[in-house]
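The values are calculated or read from the model by the stated rules, or taken from the named source; none is laboratory data. The structure displayed is predicted, hence computed values, not measured ones. Reconstructed Cβ throughout: ideal geometry from the backbone, glycine too, with neighbour counts over all protein chains shown.
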Amino acid sequence: MKHLATLFILMLFSMPALAQVVETSDLPDRSEEDRIRLTDPLPGEFQFIGYSFTRTTTSNITPVNDVLQGQVIGRLFGRNSTETVDRAGFYTEQRFVPLFVYRPSILDGYATFRGLFKIDYTWGDQAYGIGNNRGGAISGGNINLQTLMANVDIRPPESWYNVVIGLQRIFDSPYDPNVLGLEFFQTTGYKLSFWGTQAVGASWYMRPHQAINARLGFFQLWENQITRDDDVFIVMGDVATRPSPKIELGFNLWYLRDTAKGAGGISVLGQGLTSALSEYNGAPRINFAGGSSQRYKADLFWAGTNINWNRNFVHGPTSFNAYAITNFGNISPIDETVDDISVLGATFNAQVAYRYGMTNNDRVWLEGIFTTGDEDGAADGTLNSVLTGNVWGSPVGIYSSHRAMLLFPDPQVVNRYYSMVHDISNMGLGVAGGSVNFMKDIIPHKFSAKVGSAIAFSNYALPGGGNHIGTEINGELKYNLRVFLTLGLSGGYVFTGDFYDAPGATNSGVHPDNPWVAFVSLTWLMF
C-alpha cells in the first residue's frame, strides 16, 4: 500500500506536465522555437548562482611576515606586517563563490535552503595541502572550500514576513540580503560600516505594509564552553519606513553581550576589546592599567537613524543619504581592583550625488564621514571610540561606498584586504574624512570610467606624529564584454601624511613610502 500511495502521488504531480506535452506535440504549424518554449518545464527546484573574480595586481605593498603571504587582512602598516617597499610585486588571484538554492515545489515556496561557499587562491602558491586561500600551484589538489552560508528561509505563502535560520549574512540594514545585492546595502542603513559579514542565528524580516521594512535578528558571534556563560551574542532591531515616495527613514537599536573574556577568536589573536584582533583590524584595543587580567564582560548598545532621499535617481537627478549612530554601554573588568569603563562613541556619514547624464553611471558624488575618538583609550574610565564588528571578527565592518582603494577599504579583493583606515574608528582615535568621485558612461551601459580622490585625518594624533593620514587619487575603467561579464582596470596612489611620523603608527616604526596599486580584473556573475 505504501508503494501504491507513493506512485499515486507521483502520477498526480506528473499529470499537468504530461498533459502539456500531449497538447503541444500536435502542433505541426508551430515553429520549433515556439514548441520548445511551450514545452519548457517550470523553473527548477535547484538554482545555481555563481560569482567569479580574477585579479592581476602590481603594487609596492607587501607583508614582510612570510606566514601571512597567503591571506592578509587588516590595517595597512599595522600588525599584519604590510609595508611599502622599493620594488613592485606582481601576482594573480582568483575567487569563485557558488550559491546553491533549493526550493522544493512540493512545499509551494514555504521553505528555501541556501548554501554559499568560497574558493580563493593565488596563482602558484600551494598544491596538495589544506588551508584557506591557497591551492593555485601546479596540480592544485588543495582542500580549500569555505562555508559562508547554510540557512533555511521560511516564507509562508502570501505572508508579510519570512524567517531565516542558520549561517547567514549579518548586515546593518533592515532589508533581507538573501534577495538584494551588495550595492544596495552600500547606500542603505549604515553602509556595512559596522556589520557586513556572515554569522549564525535567526532573522525575522517583516513587511507589514508596502512602505515599511523591518528586521529582528539574533546572532551568536562566539560560543565557547556550552555549559558556561562565556559567549558573545547580538540582538538587532531595525526598521525603515517611507513617509513619501522620495524619502526613506530608518532606525535601529542593537544590543551585544560579551562574556567571552577574550576567549575564542581567530587563531592566536583572540577576540574582543582587549585582543590583538582589534588592533590587527585597526579597531580600538583597550588595556586595563594596573590590573593583572585583561579579561572583561561588556554590555554594549548601538542606536541610530538614517535617511535616504531619491534612491537611484528615480524622482530626479539628485540623491542624498546619511546616517548618525551612537554606541554606548559598560565594560566590566574581571579584576575587581579595576574600575568599570563607560562607553560613548558616535559616527556621522553623508553622501550627496548628482546624475548629469542619461544613465546612473553618469554621476558625481561626494561623501564624508566623522567618528569620535579617544586620545588615551580607556585610561580615564571612559571610551569615546566607535565600536564595530571588527572587534569580534575579521573582516566584519566593510565600509566601501567611498570607492577609494587604499585609504579606506576596497571590496574588490581576494586574499589581500587591507587599507590605511581599515576600521572607521581609526584604531579608536577617530577619523574625519571624505571622498569625491566623477563617473561617466563613455558608451552607455557598455564602457564606463571613474576618477576619484579621498582624504582622511585622525582626530587624535599619536606621540610624535600629526593628524593627516593620507590623500588618495584613483581611477577605474570598466568594460562590459557581455551581460554581467566585466573587464576592469583600476589604480590608486596615496600621499601619506604626518600621522605616520609617529613610531606607533607603523609596525616598523618608520614613516612609510607612498603606497600604490594597479590591477586588471575580470568579473562574472553567473545565473
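Sort out which residues of the stretch 408-458 are closer than 19 Å to L522 by Cα and in contact with a Leu (Cβ under 7 Å, 6 or more places away or on another chain), and write them in order of number.
Answer for the stretch 408-458, where residues must be closer than 19 Å to L522 by Cα and in contact with a Leu (Cβ under 7 Å, 6 or more places away or on another chain): just A449.
When both residues are 6+ apart or on different chains and their Cβ atoms are under 8 Å apart, which pairs have a first residue that lies in the stretch 308-336 and is under 30 Å from G272 (Cα atoms), and a second that is in a helix (DSSP H, G or I) and at pLDDT 95 or above?
none
Pick out the one residue from D374, D340 that is crowded, with 21+ Cβ neighbours inside 10 Å, among the acidic types (D, E) and within 25 Å of Y255 (Cβ to Cβ).
Just a single option satisfies the conditions, and that option is D374.
Quick one: which strands (runs of 3 or more DSSP E) sit completely within the stretch 170-272 and have at least 3 residues that are closer than 16 Å to L300 by Cα and not aliphatic (A, V, I, L, M)?
212-222, 247-258
Please find, within the stretch 174-184, the residue that is surrounded by the most Cβ atoms within 10 Å (Cβ to Cβ) out of those that are in contact (Cβ under 8 Å) with a residue 12 or more places away in the chain and closer than 17 Å to R207 by Cβ.
P174
If you scan the stretch 374-421, which residues turn out to be of a type in the set (S, T, Y) and either without any contact (Cβ under 8 Å) to a residue 12 or more places away in the chain or farther than 20 Å from W195 by Cα (or both)?
Passing the criteria: only T382.
Among G368, G357, G373, which is touching a Gly at 6+ places or on another chain (Cβ under 8 Å) and part of a loop (DSSP other than H, G, I, E, B)?
On inspection, the qualifying residue turns out to be G373.
Only one residue in A379, A346 is surrounded by fewer than 16 Cβ atoms within 10 Å (Cβ to Cβ), out of contact with any Asp or Glu (no Cβ under 6 Å at 6 or more places or on another chain) and over 25 Å from G181 (Cβ atoms), so which one is that?
Within the list A379, A346, the selection yields A379.
What do you reckon, is G428 crowded, with 24+ Cβ neighbours inside 10 Å, small (G, A, S) and either touching an Asp or Glu at 6+ places or on another chain (Cβ under 7 Å) or under 25 Å from T62 (Cβ atoms) (or both)?
Here the answer is yes, as G428 does meet what is asked.
Restrict the check to the stretch 362-375 and report whether at least one residue is modelled with pLDDT under 95 and among the hydrophobic types (A, V, I, L, M, F, W, C).
Within the stretch 362-375, not a single residue is modelled with pLDDT under 95 and among the hydrophobic types (A, V, I, L, M, F, W, C).
Identify all residues within the stretch 125-150 that are of a type outside the set (K, R), in contact with a Phe, Trp or Tyr (Cβ under 8 Å, 6 or more places away or on another chain) and in contact (Cβ under 8 Å) with a residue 60 or more places away in the chain; write none if there are none.
Listed by number, the list holds a single entry, N133.
Just checking, does the stretch 279-300 include any residue being within 30 Å of E248 (Cα to Cα), crowded, with 18+ Cβ neighbours inside 10 Å and not acidic (D, E)?
yes
Of the residues in the stretch 388-417, how many are assigned to a strand (DSSP E or B) and either of a type in the set (A, V, I, L, M, F, W, C) or at pLDDT 95 or above (or both)?
Looking only at that region, the number is 0.
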